[in-house]
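The values are calculated or read from the model by the stated rules, or taken from the named source; none is laboratory data. This one's a predicted model, so the numbers in the text were calculated from it and none came from an experiment. Cβ placement follows ideal geometry from the backbone for every residue including glycine, while neighbour counts extend to all protein chains displayed.
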Amino acid sequence: MRFAFKPRTLVGAAAALGLAAVLASPMTPAQAQEIKIGFSMAMTGGLGPNGKSALLAQKIWEDDVNKKGGLLGRPVKLIYYDDQTNPSTVPGIYSKLLDVDKVDLIIGGYATNMLAPAMPLVMQRKRLFIGLLGLGVNSEFNYPNYFVMIPSGPDPKVSFTAGLFDLAMKQDPKPTTVAIVAADAEFARNVADGARENAKKASLKIVYDKSYPPATTDFAPIVRAIAATNPDLVVIGSYPPDSVGMVRSVNELGFKPKMIGGGMVGLQNTSLKTQLGPLLNGWTNYDFWLPVPKMQFAGVNELMEKYQARAAAEGVDPLGYYMAPEAYAQMQVLEQAVAATKSLEDQKLADYIRTNTFKTVLGDVRFGKGGEWAESRVLQVQFRNIKGNDVVQFKTTDTQVVVWPPEYASGSMVYPFEKAR
């Protein structure tokens with residue numbers, strides 16, 4: 001097993017977490033009846049912007065479900081702590097949630113690197129665990145009560161960049177070479193693993209295949225090294241700060257592969273889109289939901305209206321297209337399982353989730369092998385026609401065109417990269 005994370009007591013953060021208050025203050029009768037759902041969430045650090053966006057959607061769900069009378073006739077209370085985008089904080093947070101806060105249920109936080117370190121504790125306690133956006137987290141643990149909302153499907157590592165390769169191989173002339181670069185972190189390594197398999201299937205020659213330290217800030221040397229191999233296709237696995245650095249360096253150095261992107265976290269976030277503006281033109285990258293006609297699932301527009309009305313006051317992504325539907329759907333799955341089983345027992349809930357379909361703002365969701373979605377639905381989106389840094393242009397899909405898969409596409413691929421510049 002790759003992970004050797006050890007739960008630790010977050011002594012230095014005890015006051016911030018309200019530990020003393022929890023131990024000293026007796027619960028009121030109303031509080032004693034609450035159904036408490038606990039989780040960690042990245043609210044600061046590199047993933048903070050996306051994490052806070054997800055948290056707002058989860059709080060909207062909390063409001064919605066309580067207005068309907070709660071679950072099992074009891075109000076619902078979300079209890080969450082900032083994991084600071086730091087995997088080492090995660091085991092301690094979940095220990096506190098279970099042992100001190102005495103939550104009834106736990107769910108997974110945001111991102112591969114923060115879900116993985118929670119797994120040993122979750123497995124030890126035999127708890128149900130519905131993660132948010134973790135890529136291939138359960139491929140090594142094989143825990144039967146793990147589920148995840150990322151729509152990468154039964155073969156998550158391969159599925160994440162399958163669309164990028166499929167698009168590339170339909171072009172004329174077809175690419176013949178590929179470069180793969182990824183941060184030395186769990187999510188990015190999984191992207192790279194899948195990209196290698198996809199390259200092999202497409203009979204592409206890998207001319208560059210390296211990782212870089214997660215703390216890297218200067219990406220110019222990396223881009224120069226990739227450019228020196230003259231690849232047709234470039235697949236990048238990165239987290240938000242790296243994604244920004246990569247986009248800027250590619251533009252500054254005038255690097256022009258035929259296609260570039262794939263597995264870059266952060267380019268879905270509105271604040272980064274407006275920050276980078278026209279520098280994004282031509283890039284093709286994954287996403288999970290955009291307001292294209294073919295993705296107008298029941299309830300999603302109502303959610304986005306509520307989210308966008310509260311976003312400014314909460315200081316989060318003003319549009320919320322990337323995180324809000326996933327996070328709300330995560331809570332809908334749990335809600336429907338509790339309602340159907342009339343239970344808070346982890347095993348009963350897991351057994352129900354494993355064998356049923358859920359009606360969510362992301363459409364019908366059914367889980368399959370390893371707790372992944374039974375069918376993959378990772379989008380590939382091409383940025384184009386971006387002018388300036390105004391947020392309004394990102395409210396429509398004219399600047400972010402869904403080009404894959406065909407059943408959700410809102411436009412065709414512009415190829416090569418330079419043509420969409």
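Sub-8 Å Cβ pairs linking a first residue in region 406-421 that is closer than 23 Å to Pro291 by Cα to a second residue that is assigned to a helix (DSSP H, G or I) and among the aromatic types (Phe, Trp, Tyr), at least 6 apart or interchain, number zero. When the residues of region 360-385 are narrowed to those that are out of contact with any helix residue (DSSP H, G or I) (no Cβ under 6 Å at 6 or more places or on another chain) and small (Gly, Ala, Ser), which ends up nearest to Asp287 (Cα to Cα)? Looking at the filtered set, the residue picked out is Gly363. Of the residues screened, Trp373 is not one that is among the hydrophobic types (A, V, I, L, M, F, W, C) and farther than 30 Å from Asn145 by Cβ.
As a summary of the residue check, Thr357 satisfies the conditions (1) among the β-branched types (Val, Ile, Thr); (2) farther than 20 Å from Glu407 by Cα; (3) in contact with a helix residue (DSSP H, G or I) (Cβ under 9 Å, 6 or more places away or on another chain) except for the one numbered (3). Residues in region 101-133 that are closer than 23 Å to Val338 by Cβ and touching a residue at least 24 places away in the same chain (Cβ under 8 Å): 23 in all.
Does Ala215 satisfy the condition of being of a type in the set (A, V, I, L, M), over 23 Å from Gln380 (Cα atoms) and outside any helix (DSSP H, G or I)?
Judged against the criteria, Ala215 is a match.
Condition first: farther than 24 Å from Ala111 by Cβ and among the basic types (Lys, Arg). Now tell me which residues in region 199-243 satisfy that. If the condition is that a residue be farther than 24 Å from Ala111 by Cβ and among the basic types (Lys, Arg), then Lys200, Lys201, Lys205, Arg224 are the ones that fit. Residues of region 242-280 that are part of a strand (DSSP E or B) and over 18 Å from the mean Cα position of the chain (by Cα): Met259, Ile260.
Return the residue satisfying two criteria in turn: it lies in region 101-126 and is among the polar types (S, T, N, Q) and crowded, with 23+ Cβ neighbours inside 10 Å, and of such residues it is nearest to Val137 (Cα to Cα). So that I can check it myself, show each step before the final result.
First pass over region 101-126, keeping only residues among the polar types (S, T, N, Q): 112-113, 124.
Subset that is crowded, with 23+ Cβ neighbours inside 10 Å: 112-113.
Working: Thr112: 6, Asn113: 9 Å.
It comes out as Thr112.
Residues checked against (1) closer than 15 Å to Val181 by Cβ; (2) among the aromatic types (Phe, Trp, Tyr):
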{"site": "Gly237", "(1), (2)": "yes, no"}
{"site": "Ser249", "(1), (2)": "yes, no"}
{"site": "Glu252", "(1), (2)": "no, no"}
{"site": "Phe255", "(1), (2)": "yes, yes"}
{"site": "Ile260", "(1), (2)": "yes, no"}
{"site": "Leu272", "(1), (2)": "no, no"}
{"site": "Leu276", "(1), (2)": "no, no"}
{"site": "Gly282", "(1), (2)": "no, no"}
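On inspection, Asp64 qualifies as in the same structural domain as Pro318 (by TED's automatic domain parsing), modelled with pLDDT of 95 or more, farther than 23 Å from Gln347 by Cα and more than 22 Å from the chain's Cα centre (by Cα). Within the option set Ala312, Ala340, Ala329, Ala350, being in contact with a helix residue (DSSP H, G or I) (Cβ under 7 Å, 6 or more places away or on another chain), in a helix (DSSP H, G or I) and of a type in the set (A, V, I, L, M, F, W, C) holds for one residue only, Ala340. Do we find a residue being acidic (Asp, Glu), more than 23 Å from Leu56 (Cβ to Cβ), surrounded by fewer than 23 Cβ atoms within 10 Å (Cβ to Cβ) and in the same structural domain as Glu407 (by TED's automatic domain parsing) anywhere in region 249-256? Yes, region 249-256 contains at least one residue that is acidic (Asp, Glu), more than 23 Å from Leu56 (Cβ to Cβ), surrounded by fewer than 23 Cβ atoms within 10 Å (Cβ to Cβ) and in the same structural domain as Glu407 (by TED's automatic domain parsing).
Could you grab me the full set of residues in region 180-212 that are in a loop (DSSP other than H, G, I, E, B) and over 18 Å from Phe165 (Cα atoms)?
Asp184, Ala185
For region 218-241, the set of residues classified as over 17 Å from Ile150 (Cβ atoms), under 18 Å from the mean Cα position of the chain (by Cα) and part of a helix (DSSP H, G or I) consists of Pro241 only. Scanning region 295-325 for residues that are surrounded by fewer than 20 Cβ atoms within 10 Å (Cβ to Cβ) and of a type in the set (Asp, Glu) yields Glu302, Glu305, Glu314.
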